[in-house]
Amino acid sequence: MLAAYVDLKKAFDSVHHYETAAAHIHRFLAMDETLLLHTTDSASKAENVETWFDRLRQAEKELSSLITHKFDEAVKREDMASVDRFFKLFPLLKKHEEGLKKFTTYLCAKIQESTAQNLASAQNLGPREKRSHVIWADTFTLLFEGIARTIEVRQPIIETYYGPGHLSLVVEMLQRECDRQAGRVGSEMRKHRRLDAVVSAVRNSLRFGGGREPRADQPDPRDLDTLLGELTLINARAELYLRFIRRRVTADFEASLPVAAEREKKEAEFEGRLSQSQLVCDMAVIVGDYTILEQFYLNESFKKALAMDTVEEGAHTSSIVDDAFYIIKKSIRRSIASSSVDGVCAMLNHAVTLVETQLVEGFRQTLRKGFPAQGYLDLNQAYTVLQSSLQSTLQAGKINSTTTDSDALRQAFLTALNNTGTSMCHVRSLYASLEDSINSAMVGLSNTARAKLDSCLNDLKTTTGKLAMVVEFGISQLRATAVKPRVKPWVDIFNTISHDIQEVLVMALEALHEEAKPLGLEVSWLKTKVQNQFASYEANDPFSQTLMVQVDGLLGSFTSLLTEENYKALVGVLVSEVAEQLEKAVFKSSFNRLGGLQFDREVRAIVGYLSQVSEWGVREHLTRLTQMATLLNLESIAEVSEYSSTTTWRLTPSEMRKVLQLRVDFKADEIKRLKL
Amino acid sequence: MEDYKFLFKVVLIGNAGVGKTCLVRRFTQGLFPPGQGATIGVDFMIKTVEIEGEKIKLQIWDTAGQERFRSITQSYYRSAHALILVYDISSQPTFDCLPDWLREIEQYASCKVLRVLVGNKTDREDRELPTHVGEEFAHRHNMYFIETSAKEADNVEKLFIEIAKELTQAQECCFPHPPLTGFELMTPTFVFFGRSLFVVDTLTRTAKLEICHPKMCQMSLCLQQGKLDQNLPVAHGGYPLPRSRARDARLVVVVVWL
C-alpha cells in the first residue's frame, strides 16, 4: 500500500501521469478498507494504515477534481484527444456516471453545433438548388445520422473503459438532445414549408368539403406532391434512426444483463421513455399532418379524375377506373414510404372509404337506372312499346330524343357494369402489390403493428365483396330488361308446336287412307305431305333452330360491349333464363312417344349449343332440362328405375312424377306407384 | 385460424385524457396503468368474449384524443361497428366537446354504427357532471349510456360485453329469416327490423340487407315519395321506435311495398 501511495505521489509529481495515478486509486478503491484494518495485527499499525487511507482518500479527491478540470479544459479547447484521454479515467475513480454524463454533454454540444450549421445552410439554400425540395428531410437526416455515427464511434470506447450496460444512459441523454434539435429543425421546416397554413386550409376544405366550389385558399393537390414526399422522407429517416438506437441499446442490455427478467424490465423502461420522447411525438404530429394532406390529395385527385371521366372508343371501361386506382396506389405507396404504420393504416382506410362511397355507390347509382330494352322482336312487344312511346311523345312533344336517350343510358349502364367488374380486379391486384411492398419496406414490425396493418389491408380486400354485389345487381337488371323479355317469345314458340300430334295425325291419315281406298279416293298425297313435313321438321326443327339463332344474336350484340367476366355472367344468366322458361313451357305441353323423342332431340341441340358458348359451371342449369327430356323420351315407365341407378336426379321426386304425367301414354296410377 | 363467430371493430374516441386507454387496458389486460402517457396515433387490442356460448372477437382501436391525429383516427370511424365516445365526469370541458365529436361521427361514421356514451372516472371525488346530465345527452342523441371507472374496474367489463351483445344481436338480425327471400317483392322494399330500417334489394334475389339510420330512412322514403302511398306508415320509418321494442329481435313490424 505504501508502494501504491509512493507511486501515486510520483505520478502526481509528474503532471502527465494521470493514467498511472488513476490506476493506483482504482486499486485502492478496489480494496476493502475494513477488511484491511481487521487483518492488520497491531493497533499501532492499524492506526498507521488509517492515516494512509486518509491520505489516499485525499489523493483520490484531488485527482478526481483534477481530472474533471482537465476534462472540462479539454472540452473548451476542443482537444478531442484529451477529451478521450480523461474520459477514460473516470471509471478508474469509480465515477462512471459522472464521466458518462460529462462526456455525453460534450457530445450533445457537438450535435447542437452541427445542427445549427446544417440549419443555417438549409435556410440559405436557394429554391432552385438541387435538393431544395427535400432540404428539411436532409437536415433531419444529417441530425439522425450524426447521432447514430456518434454512438457508432463512441460505443467501443465506452464499452472498453466503462464496461457494457452503460449505453442506455448515453443514448437517453443523446436522445434528449436529439429531441431538442429535431424540434428546432421541425419548427424551421414548418415555417419554411408553410406546413401549418397548408394543413389548416386542407383541414377546412375536408371538414366543410364535399365542396362543390373549391375554396379560395385550397391548395392544388398537385402542388402537394413535393411536400408529401418530404414529410414521408422525414418520418422514414426518424424510424430508421429509432430502430438503430433500439437495436444498439438492446444489444448492450443483452451483453450486460444475463437475467432475462431484469433485462426485459430495463428494456421496457427504455422503450417506454423512448416511445414518449419528444422526437416520437413530433414525428407522430408530422405523420398526422401528412395524413391530412394525403387524404386531401387522394380525394381531390379523384374528384378531378371523375370530372374528366371519359370512355375511349372501343374501351369497355371508362377512364375513372384506371385513374382512381392509380391515385389510390400512389397515395398508399407514398404512405408506405413514410414507414409509419399509423400513416399506412389511415391511408388504407381512406382508400377503402373512397372505393366504397365513390366507386361502389357511383356505379350502383348508374346501374339502378336500369338498362333500357332495345330491339323489338315480335309485333306485340313492338306495339306496346310504340303505344307507350306515342304517349310519351304526346306528353313530352319530342320523338327523337327517346332513342338517343336510351342509347346513352345503355352505354352508361354497360360502362358502369364493366367499371365495377374491372374495379374488382384492380382491388385484388392492388392488395397483392401493397402487401408485397409493405412486407419488403416495413421490416421488424411489432405484433400489434402487424395486426393493425393486416386488419386495414383486409378491409381493402373486402371491398371486392361490395363490388361483386353491385355487379350481381347490374347483371340482374340486365336479366330483367334485356334477357327475360326477349327469351320469352322465343320459348313461346315451343308451346305453339305440339309434341303429341304428329303421330296421331299420321295414324289418322293412314286410317283415312284405308277407308278411302275402296272409295277410289286419292288421299295418299296428303299422307306424303304430312310425312314430308314431319321429316323436314325432324331434320331442321323450327323451335330449337330459331332459339339458337336468337340466343346467338343476343349474345353477339353484347360480346364487344362487356368485359370477359361480365359477358360470362350474362351468358350464365341467359342460359338459366332459357332453361327456366323452357322448363315452364314443358309443363304446359303434353307429349307422346314421338313428341318425347322430338323434345329430347331439341334439348340435345339446345344444350349442345349453350354448353358450347358457356362455361362449365353454367351447364348445371341445363342438367334439369336434359333430365326432363330423358324422362319424356322413355319407352316405358319401367325404364325410370334403370336410369335412377346411374343418374343423380336434379329433379325432385314430385317434379319427376309431374314430368312423367306429361306423357299422354303413361298411366297415372303407374306413375304414382313409382318408387323414386 | 382462430375460431370466432363474429369480429367487431370498436373504436374509442373522446378528448385527450378522459381515460380511453385506461378503459381498454382495464378491459383487455385487467390493468390500470398509472401515469399513462398520451396515446400517439392509434393503439390496437384484441379480446375475445363469449356471448351466449359463442366466441365474439372484439377488435378495439384506441385513438389519440388530440386534434393533430384526427385524420388518422377519423379514418377508422367508417368501418367501426361501435363507437365509444368517452368523457370525464370530473371535467366539464370534456363534456362540452361532445357535440363536436357527434358532428364528426355524423360526418365520417357509418349510419348503422352503434354509439355509446361513456362517462369515465366515477372514482373521482370532484364530479362535475351528474349522471342524469350524461343520460339525458345520450338519450337525446340516441346513444347508449354508461358510467365507468377504469381505476376501480367499475362497469368496464359490462360496457364491452353489452356492446358485444348488442352487435351480435344486430348481426344475427341481418341474416334474414327465410320468409324474406321467397317473396316476389317490388324493389326496393323497406323492412323495419327492431330500431332499424332495412332496404331489401330483391332484384339481387339474395335479399342483402342494409341497416339504415332512422334519419336515413326518412330520406329514402322522401326520395321515393313519388311512388309512395301517402297513407303508408312513413312515421314509423321516420322516428326511432321506443327502446323497449327495439330490443325485440322478432319485431318485423312492417313491410312496405313501394
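Here are the numbers for the structure shown:
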{"item": "Checking A:E361 against (1) within 14 Å of chain B (Cβ to nearest Cβ); (2) under 21 Å from the mean Cα position of the chain (by Cα); (3) buried (at least 18 other Cβ atoms within 10 Å of the Cβ), the condition it does not meet", "result": "(3)"}
{"item": "Among the residues listed as A:S275, A:S335, the single one being in contact with an Asp or Glu (Cβ under 8 Å, 6 or more places away or on another chain), under 30 Å from B:Q36 (Cα atoms), within 14 Å of chain B (Cβ to nearest Cβ) and of a type in the set (S, T, Y)", "result": "A:S335"}
{"item": "Yes/no for B:L83 being more than 14 Å from chain A (Cβ to nearest Cβ), buried (at least 20 other Cβ atoms within 10 Å of the Cβ), over 25 Å from A:G272 (Cα atoms) and not hydroxyl-bearing (S, T, Y)", "result": "yes"}
{"item": "B:R115 being surrounded by 14 or more Cβ atoms within 10 Å (Cβ to Cβ), among the basic types (K, R) and free of Cβ contacts under 8 Å to residues at least 40 places away in the same chain", "result": "yes"}
{"item": "Subset of region A:473-490 [farther than 23 Å from A:R368 by Cα and either buried (at least 22 other Cβ atoms within 10 Å of the Cβ) or of a type in the set (K, R) (or both)]", "result": "A:K488"}
{"item": "From the options A:K191, A:K130, residue that is outside any helix (DSSP H, G or I), without any contact (Cβ under 8 Å) to a residue 24 or more places away in the chain, surrounded by fewer than 16 Cβ atoms within 10 Å (Cβ to Cβ) and not acidic (D, E)", "result": "A:K130"}
{"item": "Unmet criterion (only one of (1) outside any strand (DSSP E or B); (2) over 26 Å from A:T353 (Cβ atoms)) for B:G119", "result": "(1)"}
{"item": "Residue ID - most open to solvent (accessible area, probe 1.4 Å), chosen from residues in region A:425-451 that are of a type outside the set (K, R) and within 14 Å of chain B (Cβ to nearest Cβ)", "result": "A:N447"}
{"item": "A:I151 touching a residue at least 24 places away in the same chain (Cβ under 8 Å), β-branched (V, I, T) and buried (at least 16 other Cβ atoms within 10 Å of the Cβ)", "result": "yes"}
{"item": "Only one of A:L625, A:L631, A:L660, A:L610 that is in contact (Cβ under 8 Å) with a residue 12 or more places away in the chain, touching a His at 6+ places or on another chain (Cβ under 9 Å) and assigned to a helix (DSSP H, G or I)", "result": "A:L610"}
{"item": "Residue count for region B:17-46, restricted to those that are away from chain A (no Cβ under 13 Å), in contact with a strand residue (DSSP E or B) (Cβ under 7 Å, 6 or more places away or on another chain) and more than 22 Å from B:Q66 (Cβ to Cβ)", "result": "1"}
{"item": "Filter result for the condition that a residue is outside the structural domain of A:T357 (by TED's automatic domain parsing), crowded, with 17+ Cβ neighbours inside 10 Å, closer than 23 Å to B:R68 by Cα and not charged (D, E, K, R), over A:T141, A:T232", "result": "A:T232"}
{"item": "Listing of helices (runs of 4 or more DSSP H) fully contained in region A:243-349 that carry 1 or more residues being at pLDDT 95 or above, out of contact with any strand residue (DSSP E or B) (no Cβ under 7 Å at 6 or more places or on another chain) and under 16 Å from A:R222 (Cα atoms)", "result": "A:278-307, A:319-337"}
{"item": "Selection count, region A:491-501, where residues are of a type outside the set (D, E), open to solvent by 20 Å² or more (accessible area, probe 1.4 Å) and touching a Ser or Thr at 6+ places or on another chain (Cβ under 9 Å)", "result": "4"}
{"item": "Residue match in region A:64-84 (condition: outside the structural domain of A:K110 (by TED's automatic domain parsing), open to solvent by 70 Å² or more (accessible area, probe 1.4 Å), closer than 23 Å to A:K102 by Cβ and not in a helix (DSSP H, G or I))", "result": "yes"}
{"item": "Residue in region A:137-151 that is over 28 Å from A:Q295 (Cβ atoms) and of a type in the set (F, W, Y) present", "result": "no"}
{"item": "Only listed residue being more than 30 Å from A:H166 (Cα to Cα), part of a helix (DSSP H, G or I) and small (G, A, S), chosen from A:A116, A:A109, A:A122", "result": "A:A122"}
{"item": "Residues of region A:452-470 satisfying the condition of being surrounded by fewer than 22 Cβ atoms within 10 Å (Cβ to Cβ), more than 9 Å from chain B (Cβ to nearest Cβ) and of a type in the set (A, V, I, L, M)", "result": "A:L457, A:L460, A:A468"}
{"item": "Neighbours by Cβ (under 9 Å, 6+ apart or cross-chain): first from region A:95-108, without any contact (Cβ under 8 Å) to a residue 60 or more places away in the chain; second surrounded by fewer than 19 Cβ atoms within 10 Å (Cβ to Cβ)", "result": "A:K95/A:T68; A:E98/A:T68; A:K102/A:T68; A:K102/A:D72"}
{"item": "Any hit, region B:56-64, residues being among the small types (G, A, S), surrounded by 23 or more Cβ atoms within 10 Å (Cβ to Cβ) and within 14 Å of chain A (Cβ to nearest Cβ)", "result": "yes"}
{"item": "Meets criteria (free of Cβ contacts under 8 Å to residues at least 60 places away in the same chain, over 22 Å from A:V352 (Cβ atoms) and not in a strand (DSSP E or B)) for B:R78", "result": "no"}
{"item": "Which numbered condition A:D342 fails, given (1) farther than 23 Å from A:F140 by Cα; (2) within 11 Å of another protein chain (Cβ to nearest Cβ)", "result": "(1)"}
{"item": "Top-ranked residue of region A:538-562 - restricted to ones that are modelled with pLDDT of 85 or more and outside any helix (DSSP H, G or I), ranked as farthest from A:E313 (Cα to Cα)", "result": "A:L562"}
{"item": "Among the candidates A:I493, A:I475, residue that is in a helix (DSSP H, G or I), at negative phi and at pLDDT 90 or above", "result": "A:I475"}
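The values are calculated or read from the model by the stated rules, or taken from the named source; none is laboratory data. Predicted model, so just to flag it, every value in this text is computed and none were measured. No Cβ is skipped: glycine too gets one built from the backbone with ideal geometry, and neighbour counts run over all protein chains shown. For the accessible areas, the whole protein counts, side chains as well, though only heavy atoms, and no ligand, DNA or RNA atoms are used. Shrake-Rupley method; radii C 1.70, N 1.55, O 1.52, S 1.80 Å.
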